[in-house]
Amino acid sequence: MHDKRKLIIVLIIIGTALGFYVYSAFSEKLTKSTDLSDESIGGFKVLDSISSPEFIREYGEPIDQDNNNAYDYYYWKGGLKTASINTDKDKGKIKRLIILSTDDDLFENSLQTSKGIKLGSKKADVLSRYGDHYYKSYEQGADIIGYIDHKQNITLEFWCVQGGRVAEIRLDDAEVM
């Protein structure tokens, strides 16, 4: 009888964890759409190219690079990080734009979203400018508020740290994991 109780408790824990994972994985898909068609970071949008003359004129050569099987990740001057397609005819198309801090100050960066949110902005400012149709997540110690534009297939995430201040901003193709 004691073993049955243990098994039931383990199954409940696994079921709860699995349910939370499934909800987290699909919560953005269940969130009402927010129009992000005008959203850009540093003047560039998802699916723009890092090889375009405009991008090269603004950011020059990458400072550093991390790659994985799916994307090339580049670090650019001014605290911009991009993930771009690394194969075939779409090579260089941006799938993710990230605003990172530029030095030891977590909130130091002049880049901002189209609605004026930048690193160090308050979570309340994000909610007042982007609205109530958001999903929540928690990852790497950050409280994440995310908006999705189902028509454009892009997401905009604000990674907030303790104290409710934005420490990272991501503009993504919604298919990027």
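Being surrounded by 20 or more Cβ atoms within 10 Å (Cβ to Cβ) and not small (G, A, S) is the filter here; which residues of segment 82-92 pass it?
T82
Name the residues in segment 141-166 that are within 22 Å of I94 (Cβ to Cβ) and polar (S, T, N, Q), would you?
Matches in segment 141-166: Q152, N153, T155.
Picking from Y130, Y75, Y147, Y134, which residue would you name as being in contact with a Pro (Cβ under 9 Å, 6 or more places away or on another chain) and not hydrophobic (A, V, I, L, M, F, W, C)?
Y75 is the lone residue from the list that is in contact with a Pro (Cβ under 9 Å, 6 or more places away or on another chain) and not hydrophobic (A, V, I, L, M, F, W, C).
Yes/no per residue for (1) surrounded by 15 or more Cβ atoms within 10 Å (Cβ to Cβ); (2) more than 17 Å from G43 (Cβ to Cβ); (3) touching a Gly at 6+ places or on another chain (Cβ under 6 Å):
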site: D64; (1), (2), (3): no, yes, no
site: A70; (1), (2), (3): no, yes, no
site: K77; (1), (2), (3): no, no, no
site: R96; (1), (2), (3): yes, no, no
site: S114; (1), (2), (3): yes, no, no
site: Y138; (1), (2), (3): no, yes, no
site: A167; (1), (2), (3): yes, yes, no
site: V176; (1), (2), (3): no, yes, no
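A quick yes/no check of all residues on (1) touching an Asp or Glu at 6+ places or on another chain (Cβ under 7 Å); (2) in contact (Cβ under 8 Å) with a residue 40 or more places away in the chain:
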residue	(1), (2)
E108	no, no
L111	no, yes
I117	yes, yes
K123	no, yes
L127	no, no
D132	no, no
D143	no, no
D149	yes, yes
N153	yes, no
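Restricting to segment 53-72, count the residues that are without any contact (Cβ under 8 Å) to a residue 12 or more places away in the chain and under 19 Å from D173 (Cα atoms).
Of the residues in segment 53-72, 4 are without any contact (Cβ under 8 Å) to a residue 12 or more places away in the chain and under 19 Å from D173 (Cα atoms).
Restricting to segment 39-82, count the residues that are of a type outside the set (F, W, Y), in a strand (DSSP E or B), touching a helix residue (DSSP H, G or I) at 6+ places or on another chain (Cβ under 8 Å) and closer than 20 Å to I117 by Cβ.
1
Every number in this text was worked out from the coordinates using simple rules, so none of it is lab data. Owing to the predicted nature of the structure, the values given are computational and were not obtained by experimental measurement. Note that each Cβ is placed from the backbone with ideal geometry, even for glycine, and that neighbours are counted across all protein chains shown.
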